[in-house]
Amino acid sequence: MISQPEPIVRRKLSDEVFARLKTLIESGELQPGDEMPSERMLMERFQVGRPAIREAMQALANMGLVEISHGERAKVLKLTPKSLFRQMDVAAKIMLSGSSDSLEHLKSARIFFERGMVREAASRATAADVATLKDTLARQRDALGDSETFIAADMAFHSCIAQISGNPIYTAVSEAMLGWLKEYHTEMLIWTGRENHTLAEHEEIIDCISRGNPDDAEQAMIKHLERSRALYALKGKTEGANG
């Protein structure tokens, strides 16, 4: 019996160049910080034209594997949890902006994640960690009336909680979700008067962490995020936000 046809698809030259360069990085022949070979060297090595080399290099840059700077050779980047999540930023924001369901799913995922993070923080936090959280809260309190600075301090507070875990992937996940949600803070933040609620709730969370009580810390975080989740809205809505 003759099987269905399985045609061999001829790949673009740039795709073949991309695959070979990616192999050089994956194999360790090219290490983080190394300069990529010049365009002319690659053209000679692979016997292709400049357009194929440039397309392949741009594809590597889009994946976060190399950094391209004008007038300089591209460099191999060191992959980190943060750099991996940064590659998702544009796609994530487009997805969120087009669907209220996606935004609700993200808010739910954040609560699920942060309740675990704050339990971890309450179990592991040192006196230095608590001091860092208190300093972050003080910066946020000083930023009352300045929405951008207030929100930045708000994000730093939640990022600090994730950092206490000592796991860089947790920190990267926290910062990615906070960055995506930041799109839904609106100009109504300042005159809603909700900033003081946020400050009081952050203070309660710090108190629970400093006492080493994971159950109380989790409940304080849930209360905080459940209150603030309704304040995130797709652009064009009439709600303010802060968390």
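A convex hull fitted to the Cα coordinates of region 25-148 yields 219 cubic angstrom per residue.
Considering the zone a paramagnetic label at R141 would reach in this model (a point 7 Å from Cα along the Cα-to-Cβ line), which residues of region 192-222 have amide N under 14 Å from it? Of the residues in region 192-222, 196-207 have backbone N under 14 Å from the label point off R141.
Under 5 Å from the amide H of V66 lie the amide H atoms of A61, L77, each residue being 5 or more positions distant or on a separate chain, with H modelled from the backbone and absent for Pro and chain starts.
Given +1 at the Cβ of Lys and Arg, -1 at the Cβ of Asp and Glu and no other charges, the dipole of the chain around its Cα centre is 720 debye to the nearest 20.
Contact order for the chain, expressed relative to its length and based on alpha carbon pairs under 8 Å spaced 6+ residues apart, stands at 19 percent. Only helices enter the 222 nm calculation for the chain: every DSSP H run of n ≥ 4 contributes -39,500 (n - 2.57), and dividing by all residues gives -20500 deg cm²/dmol, rounded to 500.
Taking the charge dipole of the chain about its Cα centre, with +1 at Lys and Arg Cβ atoms and -1 at Asp and Glu Cβ atoms, the residue from N196, A131, I94 reaching farthest to the positive side is I94.
Can you give the FRET efficiency for M41 and M95, using 1/(1 + (r/R0)^6), R0 = 35 Å, r = Cβ-Cβ distance, to the nearest 0.05? Before the final figure, lay out the partial values.
Working: r = 39 Å, r/R0 = 1.13.
For R0 = 35 Å, the calculated efficiency reads 0.35.
Here's the list of lysines a cross-link from K223 could span, going by alpha-carbon distance under 24 Å and ignoring same-chain residues fewer than 8 apart: K107, K134, K182, K237. Using only the Cα atoms of the chain, each taken as one equal point scatterer with no solvent, compute I(q) by the Debye sum, divide by I(0), and report log10 of the ratio at q = 0.17 Å⁻¹. Reported log10 I(q)/I(0), two decimals: -1.14.
Peptide packing for 85-97, 150-162, 11-23 was compared via the average number of neighbouring C-beta atoms within 10 Å per residue; ordered from the highest value, the list is 150-162, 11-23, 85-97. Using every pair of distinct Cα positions in region 35-99, the Kirkwood expression returns a hydrodynamic radius of 13.4 angstrom.
By accessible area, using a 1.4 Å probe on protein heavy atoms only, the chain has 53% of its surface on carbon and sulfur. Solvent-accessible surface of region 1-95, taken per residue with a 1.4 Å probe and all protein chains present: 75 Å².
The values are calculated or read from the model by the stated rules, or taken from the named source; none is laboratory data. For clarity, every value in this text was computed on a predicted model and none was experimentally measured. Because the Cβ atoms are built from the backbone with ideal geometry, glycine has one as well, and the counts that use them run over all protein chains shown. To get the accessible areas, we keep the full protein, side chains included, count just its heavy atoms, and leave off ligands, DNA and RNA. Shrake-Rupley method; radii C 1.70, N 1.55, O 1.52, S 1.80 Å.
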